[in-house]
Amino acid sequence: MPHRPAPFRVTTHGGPSAPRLARAGAVPAAVVLGLVLAGCSGGSPAPASAPASSTLALAESAEYTTLNPLEQPLGITGKMYDGLVRVGADGVLEPGLASAMPTPDEDLTTWTVTLREDVTFSDGTAFDAQDVVAAYTAVRDPAYGSPLATDYEMVESVTAPDPTTVVFELSYPYAGLPARLTLGVPAAEALGASVADSALASEPVGTGPYEVAEWRRGDSLTLAARDDWWGGTAQVTTIHLVFVPDETARAQRVRSGEVDGAQLSPLTAASLDGADGIEVVTNPSADFRAISLPSTLPFFADARVRVALNLATDRDAMVEGILQGDGVAVSTPFTPAQGDAWSPDAAFEHDPDGAAALLDAAGWTAGPGGVRAKDGVPLAFDLMYFADDTLRRDVAQAFASDMAQVGVEVRLEGVDRPQAVAGMRDKAFVLGGGDMPYDPDPQVYRVLHSAFAPYDEDDAYSNPSMYADPQVDALLDTARREPDAAARAATYRELQARLIADPPMVTVFALEHTYVARGLDAWDGVVPVVEPHEHGVAWGPWWNVQEWTAR
Amino acid sequence: MTTLQDAAPPPGARTTGSRTTGSRASAALRLAGRRLAWALPLVVVISLAVFALAAVSPTDAAASFLGARDEFAGAAARQGVEGLLGDRHWLASWWEWVVGAPGGDLGWSTSVRADVGAVVAARLPWTLLLMVLGLALAAVLGVVLALVAALRPHGVLARVLAGGLWALSAVPSFLVATTLMAVLSLGLGWLPAGGLTDPGAPVTAAQVGRHLVLPVLAVALSQLPWIALHLHRATTDQLRTTSTEAARLRGVPERRVLARHVLPGAAVPTLAIAGARLPEVVAGSVLVEQVFGWPGLGQGLVQAALAQDFALLAAATVLLTGVALLGGLLADLALVRIDPRTDPDAL
C-alpha cells in the first residue's frame, strides 16, 4: 500500500473549556443574528497563546445513545473509563485499574484483585475498591437494567476487604472471569438508580484518559485528554467525533481532509485506499455470522443433513464476494481471535458433491421442482435476516443460492427484531456473534449449550438452533472450570472437532473490521487489536490513541 | 385605494373593504385568538393519538433500548430492561405527560437518556432556522421564476421552467437532498456534506452558514415547485385583468405595474395554499435533517418513534404541529394584510 504520509492536523487550542450540552438553545438565535448582521464574513477565533496540541477528527456512523459503561461496554466508553482489566495489543488482556491480573483460588470460585493506588476520577475524587463494588453490584442488579446483567450471573458477591482489594465470590468455578472484568468503573456516587435515568448517559465520571469536553446533540462529541490520568496525559489531546450516518458522506469527508478517519465497508474503504495519504486499516474480530438450523424442523434432527448443508456452503466465495476478502472463513463459532483455543483443522471444505451424496444417503432425494424430499416432506425452510442489515442480507442470499445447488430450498425473509424473536422457533436466522472475544467461554457458551436450547422469547438469540448435544455440554462445562490455560485450550479444540461431527449451525465467516485513516505515520504505538461485534472509530487504528507518541 | 373605500362604504357587505383599518386589525386579532384557542384541543388530541399509535406499533421498546446489544443481552438483562421501561398502559403514560407538560416537565426521553425539555431546547431552534430560511429562499426564487415565466408566457424559458418545476414537484425531498449532496458536496466538493460545523469548529455564523447552504437549498427546492407554479398561474391571470391593463394604459412603468398590481394579487391564492402546505414542509425537513445530519428535532423524532420513546415523540410531534399551526396563522394574517377582500372572521 504505497501512500505518502500526511501529518495529523495540528491546531492550537485554548484547552478544553468544558461547555456542556445545555447552552445550545441560545446559539441558533445568535447565529441568525450573526448571519444577518455580519453576513458570512465572520471567522472562527483561534486563540494562539495556548500550547500546541494534537487533534484527531473522526467520523462515527451513529450518535451514541449513552456513555454509561454499564450499558455500553468497551468502545467509546473505554476512552472515558478504565476497567480492572483492559484489552491490550492483539486483544491480549492486561491489568488496567488492577495492579496485576486477577488471581483465582484453586477451584476458580474466589478471585482477588489488587487495585492501583494513584487513580482519580475526572471529577477529582479518588478511586477505590468501593467504586468497584458499586459498579459490579449495579451491573448485576435487575433494577439497574444493565444489558450486561446476564454476563455476570456467575458472580455471587463482590466485597472490598480494604480500599485497594476487591474479592469476587462466584457461584461456580469460572475461568473466563478476567474478560468480564473489562467493565468500565464509574464513580460510585454517579451511578444513579438505573441505566434509563443515570446522568452517566451523558456526563461520564470515569478514571479514563479522556473526558467529555462538549456533546452537541445530533452533531458531534468532543473529548479532551485529562492531564491527571494515571497512565500519563495523552499526546492526542483532543478527539472530535462527528456523527455521519451516510456512508458515502463519511467517505467523502475523509477524502476531503475534513476528518482523519472513519469506519467504512470493505468495498468503500478499498476505493479510498492510497488517495491523498489515506490508508485502509483492518482489525481482526471474533464477529462471526452463522445460519441457525432449528432442531424443531424435522430434517435438522439428522446430523447428516446439517453436515451436508455445511459442506454445500461456499465460505471462501462469501469472504471474497461479500467482504472483499476482509474476513476469515470459519466453520464453528470459534475464530482465530480465540488464539490457542482455535482449531484451524475443525473446518468444512466446500464440497457440494459430498453434500449431495450425504443427503441422498440420509434419504432426502430429488423431488419435484428440483427440491429434495423425504416421505413427502420437502427439504425447504425459511431464513430470516434483519432487513436493515445489508451484510446479513448478502449472507442469506449467498447461502440460499449455495443450497439451491444441492436441491435445498431456502426462502428468504427480511424481518425486524420482534419478527425475528417470534420466528426463531421454527425458522433459520442469520446470527451475529462475538460480542466478547477476549475469552472463548463468552464467545461460544450461550450459542452452544443446551441450557439455552428451550425457546424463550426473552432469550431468543442464545442457542437459536435449539441445539442439544451432551458431549458439547460436557466439554463447555469442563473448559470453563479448567484452571490450566493449555488444558483449557485443548478442551476447546476437542469441542470444535465435535462441532464438525454434529454441527449446530452453518457458521460462515468472521469479519475483519475495515477503516480508513490518514496521518498514522506520524505516530508510534499504532498496533492491531481484536475487536468485538460492536465497533466504530473508538476501535480501528485509534483504539489505543491515548498511548500514541509522536514520531 | 383606502380613500376610495372610506368614501363609499357599501353597507352590510362582509366581503368587501367595508371596515376601517382599526376594525380589520381587531378582526385579525380575533382570528389569531380563535386559532390559538383551537390549538389547545388539537394538541391534546394529537398527543393522545401519538401515545395510542406508538403503543400499538409493532416495534419492541426493549429491543430498541438495547440497540446493538439486543442480540447479546440474555434473558435476565432483557427482563431488567423491560422492568425499567415498564408496561404501563399508554393512557397512564399520556396522562402523566399531559399533566406535566404545561408546567414545563416534558418527561424523560428513554431513547437519548436525557430530559426531553433539554433535548427540545437544543434541537428545535436548529429546525426552525432551517425551515424559515428554506421557505424564505423558496418564496424569493418562486416569485422570480413566476414573474419571468408570466412575462414571456410562450417563451422557451417559461416552458422549460414549467416542465422542470412539475418534474421537481414529483421528487421527494430526501431525494432532492441526496442529489444536492452528491453533486455539490461529494462531486464538486464546494460545500460540506453535513453536520452543523466543521469537526471541532466553534458554532459561529460563518461555520453554520456554510453548513446551512445545502440543507436550506434542499428544503427550498422541494418547496419551490408549488410556490412557483401557483404564483405563475395567479400572475398570468393578474396580468390580464382590466386594472393591470388600465395601469399600463395610464403609462405606469411595467416594473411598477408588477410590483403594485400583479404580485399582491397573485400572492393571495399562493398564501392561502401556503397555510395548508406547511405540515408537509415540516415533514419534508425531517428527511432533510436525516440526510445532512442536521441536529434538528426531526432526527430526534425519527429516533423516538423507532424506540417507542413516548415523551420525546409526543413533545416533538406537538411542537412540529405547533410550528405548522403557527405558520398557517401567519400565512392567513399576511393574507388579511395584503388582500382587502379577505374577511378575517371567515378564515
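The values are calculated or read from the model by the stated rules, or taken from the named source; none is laboratory data. All values derive from a computational prediction rather than experimental measurement. Positions of Cβ are backbone-derived with ideal geometry, glycine not excepted, and every protein chain shown enters the neighbour counts. For the accessible areas, the whole protein counts, side chains as well, though only heavy atoms, and no ligand, DNA or RNA atoms are used. Shrake-Rupley method; radii C 1.70, N 1.55, O 1.52, S 1.80 Å.
So here's what we get for this one:
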| quantity | calculated |
| --- | --- |
| Calculated over segment A:75-199: convex hull of Cα atoms, volume per residue (Å³) | 111 |
| Label-point separation in nm, A:Glu106 to A:Asp340, each point 7 Å along Cα→Cβ | 2.2 |
| Protein-protein interface of segment A:406-436, residues with accessible area decrease of at least 50 Å², isolated chain reference, 1.4 Å probe | A:Arg417, A:Pro418, A:Asp435 |
| Accessible-area value, A:Asp316, 1.4 Å probe, nucleic acids and ligands omitted, Å² | 110 |
| Accessible area (Å², 1.4 Å probe, nearest 10) - A:His533 | 20 |
| Bridge type composition, chain A - antiparallel percent by DSSP, nearest 5 | 75 |
| Derived scalar couplings ³J(HN,Hα) [segment A:367-377; Karplus, 6.51 cos²θ - 1.76 cosθ + 1.60; whole Hz; x for Gly, Pro] | x, x, x, x, 8, 5, 8, 9, 6, x, 9 |
| Estimated FRET transfer efficiency (A:Thr159, A:Val527; beta-carbon r; R0 41 Å; 0.05) | 0.65 |
| Accessible area in square angstrom per residue, the protein assembly as shown, 1.4 angstrom probe | 40 |
| Percent carbon-and-sulfur accessible area, segment B:20-346, ignoring ligands, DNA and RNA, probe 1.4 Å | 70 |
| Tilt relative to chain B, helix B:156-169 - C-alpha long axis, 0 to 90 degrees, to 10 | 30 |
| A:Asp524 - accessible surface, heavy atoms, 1.4 Å probe, Å² rounded to 10 | 70 |
| Largest-first ordering by accessible area, 1.4 Å probe, given options A:Thr65, A:Thr222 | A:Thr65, A:Thr222 |
| Relative contact order %, chain B, counting alpha carbon pairs below 8 Å whose residues are six or more apart | 27 |
| Length-normalised contact order for segment A:75-199 - Cα pairs under 8 Å, 6+ apart - percent | 30 |
| Computed over segment B:47-95: relative contact order in percent, which uses C-alpha pairs under 8 Å that are six or more apart | 58 |
| Between 0 and 90°, nearest 10: helix B:116-151 axis offset from chain B longest Cα axis | 30 |
| Extension gain (nm, one decimal) between A:Thr125 and A:Ser401, 0.36 nm per residue minus Cα-Cα | 93.4 nm |
| Sites B:Val44 and A:Glu349, calculated FRET efficiency, Cβ-Cβ separation with R0 56 Å, nearest 0.05 | 0.25 |
| Binned Cα-Cα distance frequencies in segment B:20-346 - 20 Å width, integer % | 26, 50, 21, 3, 0 |
| The protein assembly as shown, helix-only ellipticity at 222 nm - DSSP H runs n ≥ 4, -39,500 (n - 2.57), divided by all residues, nearest 500 | -13500 deg cm²/dmol |
| On Cα atoms only, tilt of B:205-239 relative to the major axis of chain B in degrees | 40 |
| Solvent-accessible area, 1.4 Å probe, carbon plus sulfur percent, for chain A | 53 |
| Diffusion constant of the protein assembly as shown at 4 °C, which comes from Stokes-Einstein with the Kirkwood Cα-pair radius and 1.567 mPa s, µm²/s | 42 |
| Most to least accessible of A:Lys79, A:Lys427 (protein chains only, probe 1.4 Å) | A:Lys427, A:Lys79 |
| FRET efficiency estimate (nearest 0.05) - Cβ-Cβ, B:Ser26 to B:Arg255, R0 56 angstrom | 0.95 |
| Solvent-accessible surface ranking, highest first, for A:Arg86, A:Arg180, B:Arg256 at 1.4 angstrom | B:Arg256, A:Arg86, A:Arg180 |
| Total accessible surface hidden between B and A, rounded to 100 Å², 1.4 Å probe | 4900 |
| Minimum 20 Å² accessible area buried by the other protein chains, segment A:448-490 residues, probe 1.4 Å, relative to alone | A:Asp458, A:Asp459, A:Tyr461 |
| Cβ-defined net charge surrounding B:Val257, 12 Å radius [Lys, Arg +1; Asp, Glu -1] | +3 |
| Residue-count net charge about A:Met101 - beta-carbon cut-off 12 Å; Lys, Arg +1, Asp, Glu -1 | 0 |
| Dimensions in Å of segment A:110-177 - Rg and Dmax from alpha carbons | 12.8, 38 |
